[in-house]
Amino acid sequence: MSGSIPTIRKTVAALMVCGFAHVASAGEFESPLTACLSNGTAIGGVGSCGKIWKLKSGKAELKAGGKLKVHVKGLVLNDASVGKFNGTPDGVDAVAAAVICQGPSGASVAAQVDPVPLSKTGDAKIEATVSLPNGCVGPVIVLRERYEGKIGGWLAGTGM
């Protein structure tokens with residue numbers, strides 16, 4: 001167990017560098033979403049986006065009993081390197097919300113919902129119930145991309 005304290009500190013430091021915060025009070029969590037930084041930072045084993053993204057608005061809520069709500073508007077590329085696809089979700093056709101918890105062996109995905117469609121303007125709405133393990137510490141919610149039928153890295157996550 002003594003080796004887990006440095007791991008927790010490293011994970012918390014990485015989340016703070018990424019602009020992520022977690023607020024867990026009586027099993028409840030609510031936070032705005034922030035677009036991926038495209039700096040290669042993995043969160044709980046989930047790789048980051050490969051291109052620069054922007055987000056008009058977004059919010060995630062995790063309530064007691066595992067009720068998860070995530071609403072996102074305008075989650076689109078903000079990267080001139082993609083040419084005519086800039087300002088669109090390009091080939092990302094859906095997003096899946098994942099809840100990442102800090103545990104004894106580090107941060108990892110504790111629950112993930114099925115992907116929901118991402119509109120051509122980057123809008124999506126997720127409402128689901130997830131089952132989290134006992135002792136889920138410092139939950140972070142990330143939206144993972146579905147590209148070419150595969151779930152990949154995170155495009156947005158809970159932030160400050």
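Going residue by residue through the stretch 82-89, is there one that turns out to be in contact (Cβ under 8 Å) with a residue 24 or more places away in the chain and charged (D, E, K, R)? The answer is no, given that none of the residues of the stretch 82-89 is in contact (Cβ under 8 Å) with a residue 24 or more places away in the chain and charged (D, E, K, R).
The single condition among (1) closer than 14 Å to Leu62 by Cα; (2) at pLDDT 95 or above that Asp123 does not meet is (1).
Scanning the stretch 123-138 for residues that are within 29 Å of Thr88 (Cα to Cα) and surrounded by 13 or more Cβ atoms within 10 Å (Cβ to Cβ) gives Asp123, Ala124, Ile126, Glu127, Ala128.
So, of the residues in the stretch 51-91 that are β-branched (Val, Ile, Thr) and under 21 Å from Pro117 (Cβ atoms), which turns out to be farthest from the chain's Cα centre (by Cα)? In this case the residue turns out to be Val82. Here Lys120 does not fit the description of being on the phi < 0 side of the Ramachandran plot and assigned to a strand (DSSP E or B).
The set of residues in the stretch 101-136 being under 20 Å from Gly152 (Cβ atoms) and free of Cβ contacts under 8 Å to residues at least 40 places away in the same chain consists of Ala110, Gln112, Asp114, Pro115, Val116, Pro117, Ser119, Lys120. Of all residues in the stretch 123-147, those being within 21 Å of Ala35 (Cβ to Cβ) and either of a type in the set (D, E, K, R) or part of a loop (DSSP other than H, G, I, E, B) (or both) number 5. Residues that are buried (at least 18 other Cβ atoms within 10 Å of the Cβ) and either at pLDDT 95 or above or part of a strand (DSSP E or B) (or both) do not occur anywhere in the stretch 80-88.
The values are calculated or read from the model by the stated rules, or taken from the named source; none is laboratory data. It should be emphasised that the depicted structure is a prediction, and the values quoted were computed from it without experimental measurement. Cβ sites come from the backbone with ideal geometry, for glycine too, and all protein chains shown count toward neighbours.
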